[in-house]
Every structure is written in structure tokens, then in C-alpha cells.
Amino acid sequence: MEPDQATATGWLDDAERHLEAATKIAELDRSGAYVLAYDAARKSVAAALLMSGHRVLSRPGSRQALAQYAKSIAIQVDEPALNRFDRLRRNRNRSEYGSRTFGQAEVAETIDTARAIRVACASLV
């Protein structure tokens, strides 16, 4: 598959909007803000993957594969926040399918982490 600059850029734009929205609703809806921040990070990593000529397919295990890719590029782009992507994914899943809740400080940290991931991944697009 060829890299797709237009789609990757669109995903990064989506990620930026998600981060802005997460910041605005963090006090009102911590779980919603967390999910938006995670989605921003996910779309950012997916955009970087797309530029390498690959795409994550919608099937079981695909998000875990994306987490592995995030770890693989952490050193390349010198951004340790990418190593925390899998933790964000697991916490998001626990909130969606369990009873995981988020404190204000954790949400703020997650938004900052997702923002760092977006910046790092944008450097590959």
C-alpha cells in the first residue's frame, strides 16, 4: 500500500479537534474527555502508520498492533509518550466495558500525553 498523505493529515486534524474538545469538557465529563484524548492519540498513531504504507484493519487485536507500532516509533521520533499509548488503550477499554473512572489529574495528564503523541506522529506525516 502506498502512503496516503491526505488521509493521514485528515486524521491528524481530527486528533487536534478531539484534543480541543477534550480540554473543554474535562471538568464536565472526565470519561468523555479521556475517550476523546485516547482517540486523538489513536488517530495520530494510525496516521503515522498510514505514512509507512500500512493501515490497521478493523478486526480483533488491531488496536494492540497499533500500540506495538507506537512503541516501535517512540525512539525514532524521541517521544516517550508513545510508550504510554497502550496504557491509554487499556484504560479506555476498562472504562467502556467495566467500571473504570478517571480523576481530573489523570484526564489532564492523558490529554497532555495524547498531545505529545500527536506532535510526534505529525513529524512522520
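The values are calculated or read from the model by the stated rules, or taken from the named source; none is laboratory data. Here the structure is a predicted model, which is why all the values come from computation and not from measurement. So basically every Cβ, Gly included, is an ideal-geometry build from the backbone, and we count neighbours across all protein chains shown.
Checking 45, 56 one by one, the residue that is buried (at least 16 other Cβ atoms within 10 Å of the Cβ) and part of a loop (DSSP other than H, G, I, E, B) is 56 and no other.
Residues in the stretch 84-125 that are over 18 Å from residue 68 (Cα atoms), polar (S, T, N, Q), touching a Phe, Trp or Tyr at 6+ places or on another chain (Cβ under 9 Å) and at pLDDT 95 or above: 110 only.
Taken as a whole, the structure places residue 89 among residues that are touching a residue at least 40 places away in the same chain (Cβ under 8 Å), closer than 27 Å to residue 27 by Cα and either in contact with a helix residue (DSSP H, G or I) (Cβ under 9 Å, 6 or more places away or on another chain) or not in a helix (DSSP H, G or I) (or both).
When we screen 34, 69 for residues that are among the aromatic types (Phe, Trp, Tyr) and within 24 Å of residue 5 (Cβ to Cβ), the only hit is 69.
If the condition is being surrounded by 14 or more Cβ atoms within 10 Å (Cβ to Cβ) and acidic (Asp, Glu), then the stretch 81-105 contributes only 86. For the stretch 4-42, filtered to residues that are of a type outside the set (A, V, I, L, M), in contact with a Lys or Arg (Cβ under 6 Å, 6 or more places away or on another chain) and more than 21 Å from residue 98 (Cβ to Cβ), the residue that is surrounded by the fewest Cβ atoms within 10 Å (Cβ to Cβ) is 14.
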